[in-house]
1. Could you list, in sequence order, all residues of region 1-30 that are farther than 22 Å from A172 by Cβ, in contact with a strand residue (DSSP E or B) (Cβ under 6 Å, 6 or more places away or on another chain) and surrounded by fewer than 19 Cβ atoms within 10 Å (Cβ to Cβ)?
2. Among residues belonging to region 105-135 that are touching a residue at least 24 places away in the same chain (Cβ under 8 Å) and part of a loop (DSSP other than H, G, I, E, B), point out the one that is nearest to F244 (Cα to Cα).
3. Can you tell me which residue in region 1-57 is nearest to T131 (Cα to Cα), limited to those that are part of a loop (DSSP other than H, G, I, E, B) and in contact with a Lys or Arg (Cβ under 8 Å, 6 or more places away or on another chain)?
4. Can you pull out every residue in region 58-71 that is without any contact (Cβ under 8 Å) to a residue 24 or more places away in the chain and either part of a loop (DSSP other than H, G, I, E, B) or crowded, with 19+ Cβ neighbours inside 10 Å (or both)?
5. List pairs: first in region 13-39 and among the polar types (S, T, N, Q), second assigned to a loop (DSSP other than H, G, I, E, B), Cβ under 7 Å, 6+ apart or cross-chain?
6. Specify the residue that is farthest from the chain's Cα centre (by Cα); the eligible residues are those in region 31-57 that are surrounded by fewer than 16 Cβ atoms within 10 Å (Cβ to Cβ) and among the small types (G, A, S).
7. With the requirement that a residue be more than 30 Å from G11 (Cα to Cα) and in contact (Cβ under 8 Å) with a residue 60 or more places away in the chain, what does region 206-257 give you?
8. When you look at K152, is it touching a residue at least 40 places away in the same chain (Cβ under 8 Å) and among the basic types (K, R), yes or no?
Amino acid sequence: MFGFLDGSDIGAQGEQSIELETTGSYGHRRGHFTAIEQEIEYESVPTQFFAYELSAHGMLHSVSGVEGVANNHSASFSGLSGKFSYLILGRGPESPIGLTVSAEPEWARIDDVDGTRTADFSTEFRIAADTELIANRLYAAVNIAYEPGVAKGVHDATWEHSSGLTLGTGLAYRITPTVTVGGAVEYDRAYDGLTFQTFDGHALYVGPTLMINFTPKILLAAAFSAQVWGHAVGDSRALDLTNFERYRSNLKLEFEF
């Protein structure tokens, strides 16, 4: 329900689901930039404290006239990922706060910006906490994420090392038993080096979220965010459109069984 952010809930023990997730990135410096990532995910909750996801990814790029990026119009299978979540605290009568930690390793064979062939290995480590501010109505979440990675183009001789830091918070309000609306703020920082050695730039995103439960086992979640503030090192222009995109969108359709 928090869009690009995670809540602490990992699902009920024994629950399984298939999820279709579409993530869009739009706008870099000048020209036209669109990158659409399509994932199909299998999710399972084998115990009340542990859940995992296994995903296959495809990427579509439409890039023309973007500063520093070659024109590219392509679509291909782009990689595989997994996500492993552990519930430390379940939100309920004994604890007003829910707390979950997760690790999400990913192998990518397509660069998410220029669409060229690459070998990219990364893992996102995330802490997600949430609470119920008004019973069954208003919820709040806070996320902290760290993502180190290594990547090498098919014609490159050396590996590039990078890392990212994300801080985010969101609110979600259930306006009917099946419809929840909200908003989220996310602050991202980009670095060279696996442990924040060289600062490259930062960006602040703001946008709305929506979740609709069509049935107890079918739900749709959507989110959109826009970069409203940022700066790339070595570039005096407003916003960081070197390390980050101008707009983001996310759409999830989940079928539980």
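1. Q16, I18, Y26
2. Among them, the one singled out is V113.
3. Per the stated criteria, the residue is S8.
4. N71
5. Cβ pairs passing all conditions: Q13/V45; Q13/T47; Q13/Q48; Q16/F257; S17/F257; S25/E245.
6. Per the criteria, the residue is G31.
7. Hits for region 206-257 are R237, L241, T242, E245, R246.
8. Criteria not met by K152.
Each value in this text was obtained by applying a stated rule to the coordinates, not by laboratory testing. All values derive from a computational prediction rather than experimental measurement. Don't worry about glycine lacking a Cβ; one is built from the backbone with ideal geometry, like all the others, and counts go over all protein chains shown.
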